[in-house]
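Shown next, in structure tokens, is the structure this report addresses.
All of the numbers you see were taken from the coordinates with simple rules; none came from a lab. A quick note: this is a predicted structure, and the numbers were derived from the prediction, not measured. For neighbour counting, all protein chains shown are included, and Cβ atoms are generated from backbone atoms with ideal geometry for every residue, glycine included.
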Amino acid sequence: MATDYNSKSKLTRDLSISLLLYTLPVLAIYLYFKLSNGVVSESHISLPSFLEFTKLAFENIRTWGLIVFMLILGAVEFAAGLYDDQWTGTERKIDIVSFLAPKLILPPVITFFSLTALPYLIPNLANTLSWVPFWGGFFLIAIADDLTQYWYHRLHHQIPFLWRFHRTHHSASYMGMAMASRQNFIYTVFFSQIYLTATLTFLGLGLPALFVTVIKSIITLAAHSSLAWDKPFYKYKALHPIAWVLERLISTPATHHAHHADTSGDGVGHFKGNFGNMFFLWDVIFGTGLITRKFPESYGTKTYKGEEWYAQFLWPIFKSKKEGSPLAEGVLSIPISQSKNAVIINSDVYEPVQS
């Protein structure tokens, strides 16, 4: 009972802190407005002069550059033998489907939401935030988007029902570009933050949204990569101050690989936390982070049965036919914290949730 109370108390505290964090860029923009004596130009959504040359590059990266970046990085990983004996038939199918499907499914969904749903839900509000300066829009979207995804991600680990929609991402026994997009389609379609960012874009913050999206995509892809680019920062003493800031500010391979470990009992793996996507700062603030500068020896979930690609990608529409699979018909899901005290009649129909 005390544990439940402490958990609820921590959740209430964390949500209160989140509300404060959401308001910080809003307060900053309000102060800017007041200090400028309430004078609002027709539009402030333009890049500072020293960033103007980057606009075309960011537009190209957003449209096709990120895909090329993933493919090149993935090719380097394969050439280095990082997927040897791991990218088997089942894993290959789910990774490829998860990579391609969102690029076909999400554009029409977001287009309908932006061009049809939003004008109906919030009529006459298009471009009403176009007076916001670029830096204000950038930090507003960066915090709103990534903090929302932190909670979306965290709740999918802490709520048994939601975990089943996210476990596909954790079933891979390897890290890298091959599995970076590996998700159940429902988890992807209902990504809470993409609709929030689409709304802010509709309100006039499209240019800041472009920059946030590109920067965040690069950080999250680099954090999933099997190329441990952060190791030099830990190895050389002169770089330690940079490492200290870097690993607390953004997700790095060391911190995010720990989140994908198949155990948390070795002092390195931490699937109970390290939920941050672009910013690891959220884990620092909410106490869900673990920084060891080490990498797990193995990844994935102990309960993984090599389920069919369609069961992993399309559950619960399609169920797994694998005996003992958590995605099979009739399987229930309970948190690890409860499973120790639960009365289990048939252990095959329960899956401990990684929370």
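A simple spin-label model places the labels of ILE215 and PHE112 3.3 nm from each other, with each point 7 Å out along Cα-to-Cβ. Largest first and in whole Å, the equivalent-ellipsoid semi-axes of the range 8-118 read 39, 24, 18, each the square root of five times a Cα gyration tensor eigenvalue. Full extension of the chain between LYS93 and TYR120 yields a length gain of 5.8 nm, computed as 0.36 nm times the residue separation minus the alpha carbon distance. Take the alpha carbon gyration tensor of the range 155-232, find the square roots of its eigenvalues, order them as a ≥ b ≥ c, and report rounded if a/c is under 1.5; if not, report prolate when a/b exceeds b/c, else oblate. Oblate. For a straight C-alpha distance cut-off of 18 angstrom, the aspartates and glutamates reachable from LYS237 (same-chain residues fewer than eight places away being disregarded) are GLU247. For the range 285-335, GluC sites (Glu not before Pro) meeting the loop criterion (DSSP other than H, G, I, E, B) and having at most 14 other Cβ atoms within 10 Å: GLU297, GLU323, GLU329. Semi-axes of the equivalent ellipsoid of the range 89-177 are 32, 18, 14 Å, computed as sqrt(5λ) over the eigenvalues of the C-alpha gyration tensor in descending order.
Pairwise Cα distances in the range 219-309 exceed 20 Å for 34 percent of all pairs. Partner aspartates and glutamates whose Cα lies under 19 Å from the Cα of LYS10, excluding those fewer than 8 positions away in the same chain, are identified as ASP283. The smallest convex shape that holds all Cα atoms of the chain, its convex hull, gives 171 Å³ per residue. A run of the chain free of exposed loop cleavage sites, with trypsin sites (Lys or Arg not before Pro) counted only in DSSP states other than H, G, I, E and B and at most 11 other beta carbons within 10 Å, reaches its longest extent at 1-301.
Within straight-line reach of LYS321, meaning a Cα separation under 23 Å, sit the following lysines at least 8 residues removed in sequence or on another chain: LYS93, LYS302, LYS305. In this simple spin-label approximation, PHE33 and SER298 carry label points 7 Å from Cα along the Cα→Cβ vector, and these lie 5.6 nm apart. Given a Förster distance of 35 angstrom, what is the FRET efficiency for SER16 paired with ALA79, based on the Cβ-Cβ distance and rounded to 0.05? The value I calculate is 0.15. Subtracting the Cα-Cα distance of GLU329 and VAL245 from 0.36 nm times their residue separation leaves 25.6 nm of extension gain. In the chain, taking the dipole from charged Cβ atoms about the Cα centre, the farthest positive-side position among PRO316, LEU19, HIS256 is held by LEU19. To the nearest 0.05, what FRET efficiency results for THR63 and LYS237 with a Förster distance of 41 Å applied to their C-beta separation? According to the calculation, E is roughly 0.50.
Given a Förster radius of 45 Å and the C-beta distance between THR54 and SER7 as r, what FRET efficiency does 1/(1 + (r/R0)^6) yield to the nearest 0.05? The calculated FRET efficiency here is 0.55. Among the complete DSSP H segments of the chain, which ones combine at least 30 Å of alpha-carbon extent along their axis with a mean Kyte-Doolittle hydropathy of -1.0 or more? Helix filter hits for the chain: 2-35, 89-112, 134-158. In the chain, the DSSP-assigned H stretches of four residues or longer account for a calculated mean residue ellipticity at 222 nm of -16500 deg cm²/dmol, using -39500 (n - 2.57) per stretch and the full residue count as denominator. Given contacts defined as C-alpha pairs under 8 Å and at least six residues apart, what's the relative contact order of the chain, whole-number percent? Rounded, it is 18 percent for the chain.
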